[in-house]
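Asks: This is the structure, below, for whatever I ask next.
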Amino acid sequence: MTPTTPTTPTINGFAQHRIPGATTAELNVAVGGGGTETPVVLLHGFPQTNLMWRHVAPQLATDRTVICPDLRGYGASDKPADPDGTAYSKRAMAADVVAVAKALGHDRFALVGHDRGALVAIRAGLDHPETVTHLASLDVLPTLDMWEVMRGTSAAIGFHLYLMAQPPGLPEQLIGASPDAFFGHFLDVWTRDPAAVPADVRAAYLAACRAAVPSIVADYRASAGVDVTHDRADREAGNRLRMPVSVLQQDWGAALGFDAAALWSAWADDLRHSTVSCGHFMAEEAPDVVVGAVRELLRR
């Protein structure tokens, strides 16, 4: 584990390190806090980096260790090639998270994920139930359910899912031709409070994404392939999340015609599901809501 020298905004009071993941990939990881309470790992979403936790992480770090990796393929973490379509499976990315926590001395931890990070968190909870003590998911459905609810013209809101699901070549070329317009689109339309993503943070996100087009596409492509296979196998085997689970979501079900709480209840027995009034980037738009939900989860 070696310190790194940040050149972009960082989480106040957190040290940046490079820590080996489960395979050859090294992850950029922000670490802060301390104490004997259950450690918490925070996993960012798209199109972001661990910087999205800049308001949440310091609050949680007042009484526990908080670990914020850049996911494999994002931010300053390594971006391995994906010759067989498995390098960015959520199973591989979840194994990275377990390896990073173990390298920091933690065999058990709570896990909070947003967007893509939530999909990694769900897979970690299914694959490593002895390691993940609590799980919080911010604004996603499990991968298998996500694809099943995307129907008709209302599914156009998820056009990027279909674009990046295409075979290697075309998605990378199209997105790479104008990456700031592509990634910036989501920062604009998914945010209800534009001030929540200030100019320096937006610039950091866009620069990170600009440098990671192939790996970001590979992450999404995996969610249309190997991740579905893994989720379906768990569903057929009756494998469920055994730990306490909290879900915060926008009310996508009202727009797309599904019952999000019911879908989630098929995966978790100890479930608390809540809708929020902020935009998708809730850790930046409503950090106190997220902190409160995580603290409530940790008391269960």
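Asks: Only residues of region 109-146 count here: report those whose backbone N is under 14 Å from the spot 7 Å along Cα→Cβ of ALA155, or say none.
Replies: It comes to 144-146, nothing else.
Asks: Just to verify a number: what accessible area does TRP267 come out at with the full protein assembly present, 1.4 Å probe, Å² rounded to tens?
Replies: Using a 1.4 Å probe on the heavy atoms, I get roughly 10 Å².
Asks: While we're looking at this one, here's another question. Could you tell me what % of all Cα pairs in the chain have separations over 29 Å?
Replies: Cα-Cα pairs of the chain separated by over 29 Å account for 27 percent.
Asks: Bins of 10 Å, beginning at zero and ending with the bin holding the largest distance: percent of Cα pairs per bin for region 90-229, please.
Replies: Calculated over all Cα pairs of region 90-229, the distribution is 11, 35, 37, 17, 1 percent.
Asks: May I pose another question? Can you work out ³J(HN,Hα) from phi for every residue in region 292-300, in order, using Karplus 6.51 cos²θ - 1.76 cosθ + 1.60 and θ = phi - 60°, giving whole Hz and x for Gly and Pro?
Replies: x, 5, 5, 5, 5, 4, 5, 7, 7
Asks: Same structure again: So what is the diffusion coefficient of region 197-272 in µm² per second by Stokes-Einstein at 25 °C and 0.890 mPa s, using a Kirkwood Rh over Cα pairs? Let's see the in-between values first.
Replies: Values: Rh = 15.6 Å.
Answer, rounded: 157 µm²/s.
Asks: May I ask you to evaluate 6.51 cos²θ - 1.76 cosθ + 1.60, the Karplus curve with θ = phi - 60°, for each residue of region 262-273 and list the ³J(HN,Hα) values in order in whole Hz, giving x for glycine and proline?
Replies: 5, 4, 5, 5, 6, 10, 9, 7, 9, 10, 10, 10
Asks: Another question, then. Rank these by accessible area, largest first, 1.4 Å probe: THR229, THR86.
Replies: Accessible-area ranking of THR229, THR86, largest first: THR229, THR86.
Asks: Same structure again: Which log10 I(q)/I(0) values, to two decimals, does region 91-136 give at q = 0.21, 0.26, 0.29, 0.30 Å⁻¹ under the Debye formula with one point per Cα?
Replies: -0.58, -0.89, -1.10, -1.17
Asks: Further, regarding this structure: Roughly what % of Cα-Cα distances in region 52-172 sit above 25 Å, to the whole percent?
Replies: Taking all Cα-Cα pairs of region 52-172, the fraction more than 25 Å apart is 30 percent.
Asks: How big is the charge dipole of the chain about its Cα centre, in debye rounded to the nearest 20, if each Lys and Arg gets +1 on its Cβ and each Asp and Glu gets -1 on its Cβ?
Replies: In debye, rounded to 20, the chain gives about 300.
Asks: Let me check I've understood the local charge: for HIS55, count other residues with C-beta under 11 angstrom from its C-beta, Lys and Arg +1, Asp and Glu -1. What total comes out?
Replies: -2
Asks: Also: Have a look at THR24, GLY125, ALA207 and report the one farthest towards the positive end of the charge dipole of the chain, computed about the Cα centre with Cβ charges (Lys/Arg +1, Asp/Glu -1).
Replies: Of the candidates, THR24 comes out farthest on the positive side.
Asks: A further question follows. Comparing LEU104, LEU60, LEU248, which has the greatest mean-square fluctuation in the GNM of the chain with Cα pairs linked when under 10 Å apart?
Replies: In this elastic network of the chain, the residue with the biggest mean-square fluctuation among LEU104, LEU60, LEU248 is LEU104.
Asks: Return the long-range amide H neighbours of MET243 (sequence gap of 5 or more, or a different chain), with a cut-off of under 5 Å between placed amide H atoms.
Replies: When sequence neighbours closer than 5 places are left aside, there are no close amide H contacts.
Asks: What number do you get for region 163-229 when its Cα radius of gyration is normalised by 2.2 N^0.38 Å, N = residues?
Replies: Dividing the Cα Rg of region 163-229 by 2.2 N^0.38 Å gives 1.22.
Asks: Using alpha carbon centroids, what distance separates region 64-103 and region 143-162, in Å?
Replies: Going from one Cα centre to the other spans 25 Å.
The values are calculated or read from the model by the stated rules, or taken from the named source; none is laboratory data. On a predicted model such as this, the values are computed, not experimentally measured, just so you know. When we count neighbours, we look across all protein chains shown, and the Cβ atoms used for this are built from the backbone with ideal geometry, even at glycine. What goes into the accessible areas is simple: the full protein's heavy atoms, side chains included, and nothing from ligands, DNA or RNA. Shrake-Rupley method; radii C 1.70, N 1.55, O 1.52, S 1.80 Å.
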